[in-house]
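Working notes for the structure below.
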Amino acid sequence: MPATIFRSRNNLQLVRASELPATGGVELLGVDDAWVTVQRVVRHPPQERDFVRLHLDQGHNFVLTAEHRLLIEDSRGNAVPVEAQHLRQGHQICTGEGYDEITEVESFVESRQVIAR
């Protein structure tokens, strides 16, 4: 999503997905506080898509495409990838600073631009 915010290694500034250069090269803070380099950015035009809005226990909520993969904690404490459309209330998702419980999942269809990196 164009409004998604990341932390850039450049003076730890916040940068929106819409501001990332198509050629990549920007270092962003990823999971487990690891710096990852964006290889390229693809801007998909607005079209009707399936989305999921997640509400988290610590008060945050965000929207992502239904096929976007996130890491959840399985019953043995391992991080496993799951598409957003399969997430349910009670799942623990990896936030990059630990895990946060999903308190609500909303699915909806909307026409929006999507930016992939």
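The values are calculated or read from the model by the stated rules, or taken from the named source; none is laboratory data. Not measured: the values here are computed from a predicted model. Backbone-built Cβ (ideal geometry, glycine too); neighbour counts: all protein chains shown.
Points worth noting:
- In the range 61-80, the qualifying residues are those that are modelled with pLDDT of 90 or more and among the hydrophobic types (A, V, I, L, M, F, W, C), and the one that is surrounded by the most Cβ atoms within 10 Å (Cβ to Cβ) is L70.
- Complete set of residues in the range 99-117 that are under 19 Å from I5 (Cβ atoms) and of a type outside the set (A, V, I, L, M, F, W, C): D100, R112, Q113, R117
- The selection criterion, being without any contact (Cβ under 8 Å) to a residue 60 or more places away in the chain, part of a strand (DSSP E or B) and in contact with a Leu (Cβ under 7 Å, 6 or more places away or on another chain), does not hold for V15.
- Checklist (1) outside any loop (DSSP other than H, G, I, E, B); (2) without any contact (Cβ under 8 Å) to a residue 60 or more places away in the chain applied to S75, failing item: (1)
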